[in-house]
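Taking it in order: structure first as structure tokens, then the write-up.
The values are calculated or read from the model by the stated rules, or taken from the named source; none is laboratory data. Keep in mind that this is a model prediction, so the values were computed, not measured. Here the Cβ is made from the backbone with ideal geometry for all residues, glycine too, and neighbour counts use every protein chain on show. Only protein heavy atoms, including side chains, enter the accessible area calculation; ligands, DNA and RNA are left aside. Shrake-Rupley method; radii C 1.70, N 1.55, O 1.52, S 1.80 Å.
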Amino acid sequence: MLQYLIILLDETSTSFCHYEAPKKERKLISLDTLRQGIRFGMMENLMIQYVYPDYELPDEYKEVIESIDHSKIKPMAEDADVLVMNKIEAVQTDIPVVLRIGKQELFAHQKEVVAMLKGAPRLNVVLTDVETFTDEDFDAYKKVLAALSAEVEKLYVEGKSPQLNLLTDRMMLSQMNNCGAGDTSITLAPNGKFYVCPAFYYDDEADSIGDLEQGLDIKNKQLYKLSYAPICRHCDAWQCKRCIWLNRKTTLEVNTPSHEQCVVAHLERNASRELQHNIRKHGTFLPEHEEIKEIDYLDPFDVREDW
Amino acid sequence: MSDYTIREQSNTWQEGASKNITFIVTKDCQLACKYCYLVGKNAKERMPWSVAKEAIDYILGHEGDFREEAVIWDFIGGEPFLEIDLIDKICDYLKNEMFRRNHHWFNSYRFSFSTNGINYHEEKVQRYIEKNRNHLSIGVTIDGTELKHDLNRVYKHSERGSYKDVARNIPLWLQQFPNAATKVTISSADIPYIKESVLHLYSLGIHEVNINCVFEDVWNEGDDKLFEEQLMQLADGIIDGGYYTDYACSFFSEYLGKPLDIERENQNWCGAGKMLSIDAAGNFYPCTRFAAYSLRSKKPVIIGNIHDGIDKNKLRPFLTLDRTTQSPQECIDCEVASGCAWCQGENYDAADTNTIYQRATAICKMHKARVRANNYYWNKLYRKLELEGQREEFEKNKKKSNDVIC
Ligand code: SF4
Ligand code: SF4
């Protein structure tokens, strides 16, 4: 069921996820489109998430924005609910941080990532090049996750409860928690049209799923649901984003993930398993959550004969 | 063996255990059949030898990715025999290379053709057949009676019917391949000719007729009724004429028209993705129906090429596709679902989005009509066998049928 409406306030609104926001020329959504979008969200009972560009909005926009309950995803900390950062930098904040970086940056700067984790209540690391992972990268990622895990464990032992999506989300979940594009969330672009997610808008503006005038028209809507995803519905890497956009880019189908997405998510899942095990050595930890089981595959596709 | 064994369709060679690799050697054909799904046929795109060679080197060089026990090297067009020189060269190279590399397919291969039969008798084609006789399957397409055949299968420019030119080659073909089968495709205009066509093909000495309705949305109001009547007449013709002992027609199958279990019977129907097609430019497709010249309204689905190899991510949707995920609820709940076929390529072509996960159901009413006629066929046949005291004997000897759809 739809729950969220993401509104891109400007053509240059920050990316908060796997995709790049390629537009360079500032162009705000029109006030009228914004108002209509808010109205649509209210009528459909959707929680609104505004995605901001990197400049201050005019006052008349602020007023309209505040006319409904919402959250703000911003590339600067001021007045944000989620802060998006595109490089590794020192941070001290009381809001969740999304850190968008490539694999090499992560592999080279794990210590700095740990420092950022200490400076924010939650750190969401979003890898911007999942589809390029090679076997060597998988090995490197596994090592990085193990090193990060040791740091997170230390913090837990100190009585803190750091949240690092790559490692702690899986421990806290009891079912799939994917991005939900096209199923639980849709995006309104500055042109007044709806898209599965911002990435679909930037890829091809013609690829819309309706507009404010005619309403939503999501063709083959079922394919965005977990139950229609043959590989993912057999999977327990519950923290995986199951990126619909990367699915389409790599396999041509929105419901089918690439090998790379699956292996990356399983390395995280397995690292979470280790972490859960290690923290539990120090005492009771999340007793309501089952132990994450040991499995012998990194890509559910490889064991499809057993489904 | 009893006189009363009933002939059902033969199983395709090494079915299930074999990889099907198709070379689209040409997009040209002498004919312009009215139902031909190849919307982009042309005389320009012929496969160069260098492309064929590189494709073979890639495939045989990646033995680990092609673990099937056997291989069917398939040649299609257009009309494949227009490129007999190239095909001969490809086959020689394949044989040499499979031997040289000690490849596990060396003793388990077949060359397969679907031809319009027009130049079957020509010397070059005959020389090729002689050379590869023990490893060949050749299907000649003949649609039935002269009238029916010439309704669709006409020459490109003159629009003259091709029946006579094909029929004269049938005796030679059957002499060389006595168990050969023919494939017939039915669309709306062909319905009134079904019975006489199948019986005509039997009379030519063809013992196996694989016949199916096109998957495209071509059906008119009332076609299902007409279809049902034709099939009932055909059933009478086959049973009353005693053809069931020695001839097969894929329209009638005991496995047809039953509900399907959501979990146990959830396999995909078509083999797209388990096959591989290569075009003249060296692109790989999950099946020929995904190449540009076969598609009406969608972009081709290219899963790699001879230089960069196969992009395995693009195969994942095909290899995990199951029946229920692509079917509307109506098909999942259908009481007569078994045997209702689909073509992944047509599903993709007809879908509302660029997906192979939306089953096209244009064929629904035709399938239901087929099921009713099929029930009639088996009830009539079993009663006859019982009255003649041959039912038990038949039950003992019957073979599993094999639906052939593409
Ligand atoms: S589909 Fe979801 S996970 Fe992927 S880029 Fe869009 S919002 Fe992010
Ligand atoms: S790991 Fe793979 S199968 Fe599991 S949810 Fe993610 S994309 Fe789907």
Quick one: what are the phi-derived ³J(HN,Hα) couplings along the stretch B:101-110, Karplus 6.51/-1.76/1.60 with θ = phi - 60°, whole Hz, x for glycine and proline? 8, 6, 6, 5, 8, 3, 9, 9, 9, 9
Pop a pseudo-label 7 angstrom from the Cα along the beta-carbon direction at both residue B:233 and residue A:109 and give the gap in nm to one decimal. 7.9 nm
Residue B:20's amide H: which non-local residues (gap 5+, or another chain) put their own amide H closer than 5 Å, with H modeled 1.01 Å from N in plane and none for Pro or chain starts? B:72, B:276
For chain A, longest principal axis from Cα atoms; helix A:135-157 axis from its Cα atoms; angle between them, nearest 10 degrees, is 80 degrees
Give the long-range amide H neighbours of residue B:142: residues separated by 5 or more places, or on another chain, with amide H under 5 Å away, using H modelled in the peptide plane at 1.01 Å from N. B:183
Quote the FRET efficiency, to the nearest 0.05, computed for residue A:306 versus residue B:88 with a Förster distance R0 of 45 Å and r equal to the Cβ-Cβ distance. 0.50
Which of the pairs A:87/A:241; B:53/B:131; B:314/B:365; A:143/B:314; A:219/B:183 have their Cα atoms more than 26 Å apart in this structure? B:314/B:365; A:143/B:314; A:219/B:183
From the C-alpha gyration tensor of the protein assembly as shown, pull out the three semi-axes of the equivalent ellipsoid (sqrt of 5λ each), sorted largest to smallest, in whole Å. 56, 28, 26
Filtering chymotrypsin sites (Phe, Trp or Tyr not before Pro) in the stretch A:275-306 by DSSP loop and by at most 10 other Cβ atoms within 10 Å leaves none
Per residue convex hull volume, Cα only, the stretch A:162-259, in Å³ is 117 Å³
Positive-end residue, chain B charge dipole about Cα centroid, Cβ charges, pick of B:187, B:307, B:117: B:307
Work out the P(r) tail for the stretch A:130-192: percent of alpha carbon pairs separated by more than 12 Å, whole number. 78 percent
Average accessible area per residue (Å²) across the protein assembly as shown - probe 1.4 Å, nucleic acids and ligands excluded: 44 Å²
Charge dipole (the protein assembly as shown, unit charges on Cβ, about Cα centre) - positive-most of B:178, B:104, A:98: B:178
Note: residue A:93 to residue A:204 extended length (0.36 nm per residue) minus current alpha-carbon separation gives 36.4 nm
Residues residue B:189 and residue B:159, FRET efficiency given R0 of 25 Å [Cβ-Cβ distance, rounded to 0.05]: 0.95
Only counting protein heavy atoms at a 1.4 Å probe, give the residues of the stretch B:298-316, ordered by number, whose accessible area falls by 10 Å² or more when the other protein chains are present relative to the chain alone. B:301, B:313, B:314, B:316
Over both sides of the B-A contact, add up the buried accessible area with a 1.4 Å probe and give it to the nearest 100 Å². 1600 Å²
Report the Stokes-Einstein translational diffusion coefficient (µm² s⁻¹, integer) for the stretch A:1-159, Rh taken as the Kirkwood radius over Cα pairs, at 10 °C with viscosity 1.306 mPa s. 91 µm²/s
Under the Karplus relation 6.51 cos²θ - 1.76 cosθ + 1.60, θ = phi - 60°, what is the ordered set of whole-Hz ³J(HN,Hα) values for the stretch B:280-293, x standing for Gly and Pro? 4, 8, x, 7, 9, 10, x, 5, 4, 5, 9, 7, 3, 5
Can you give me the distance in nm between label points at residue B:392 and residue B:122, each placed 7 Å from the Cα along the Cα-to-Cβ direction? 5.7 nm
Name the residues of the stretch A:243-257 whose accessible area falls by at least 50 Å² when all protein chains are present instead of the chain alone, probe 1.4 Å? A:252, A:253
Rounding to the nearest 20 debye, state how big the charge dipole of the stretch B:289-406 is about its Cα centre with +1 on each Lys and Arg Cβ and -1 on each Asp and Glu Cβ. 240 debye
Plugging the Cβ-Cβ distance of residue B:101 and residue A:76 into 1/(1 + (r/R0)^6) at R0 = 51 Å yields, to the nearest 0.05, a FRET efficiency of 0.25
Select from A:214, B:394, A:276 the residue farthest towards the positive end of the dipole of the protein assembly as shown; place +1 on Cβ of Lys and Arg, -1 on Cβ of Asp and Glu, and compute about the Cα centre. B:394
Test of understanding: extend the Cα→C-beta vector of residue B:146 to 7 Å, then name every residue of the stretch B:153-178 with backbone N under 20 Å from that spot. B:153-156, B:158-173
Debye, to nearest 20: dipole size of the stretch B:80-221, +1 on Lys, Arg Cβ, -1 on Asp, Glu Cβ: 660 debye
Cut-off under 27 Å on the C-alpha distance; same-chain residues fewer than 8 positions from residue A:62 excluded. Which lysines are left, in chain and number order? A:23, A:24, A:27, A:72, A:74, A:193
By a straight-distance test (C-alpha under 15 Å), which aspartates and glutamates pair with residue A:293 as possible cross-link partners, with residues fewer than eight away in the same chain excluded? A:236, A:268, A:274
At most 12 other Cβ atoms within 10 Å and a DSSP loop assignment: could you name the GluC sites (Glu not before Pro) in the stretch B:53-138 that fit? B:69
Rounded to the nearest percent, how much of the accessible area of the stretch B:164-281 (1.4 Å probe, protein heavy atoms only) is carbon and sulfur? 50 percent
Only loop residues by DSSP count here, and only those with at most 16 other Cβ atoms within 10 Å; note down the trypsin sites (Lys or Arg not before Pro) in the stretch A:166-219 that meet that. A:219
Explain nothing, just the number: relative contact order of chain A, from Cα pairs under 8 Å at least 6 residues apart, as a whole percent. 17 percent
Quick check for me: using +1 on Lys/Arg Cβ and -1 on Asp/Glu Cβ, what's the dipole size of the stretch B:228-364 about its Cα centre, in debye to the nearest 20? 920 debye
Would you mind calculating the relative contact order of the stretch A:92-143 from Cα pairs under 8 angstrom and at least 6 residues apart, reporting the percent as a whole number? 49 percent
The relative contact order of chain B, taking Cα pairs under 8 Å that sit 6 or more residues apart, comes to a percentage of 21 percent
Per residue of chain A, what 222 nm ellipticity follows from adding -39500 (n - 2.57) for every DSSP H run with n ≥ 4, rounded to the nearest 500? -10000 deg cm²/dmol
Amide H of residue A:99 versus every other amide H placed in the peptide plane: which residues, excluding those fewer than 5 positions away on the same chain, fall under 5 Å? A:85, A:124, A:125, A:126
Return the aspartates and glutamates within reach of residue A:118: Cα separation strictly under 14 angstrom, same-chain partners fewer than 8 residues apart disregarded; answer none if there are no such residues. A:89, A:94, A:151, A:153, A:158
Counting every Cα pair in chain B, what percent are over 35 Å apart? 27 percent
So what are the ³J(HN,Hα) numbers for the stretch A:37-52, from phi and the Karplus equation (6.51, -1.76, 1.60; θ = phi - 60°), rounded to whole Hz, Gly and Pro as x? x, 5, 4, 4, x, 5, 5, 9, 6, 9, 7, 9, 10, 8, 10, 9
Between residue A:213 and residue A:157, what is 0.36 nm times their sequence separation minus the Cα-Cα distance? Round to one decimal in nm. 14.7 nm
Overall dimensions of the stretch B:129-251 by Cα: Rg and Dmax, Å: 15.2, 50
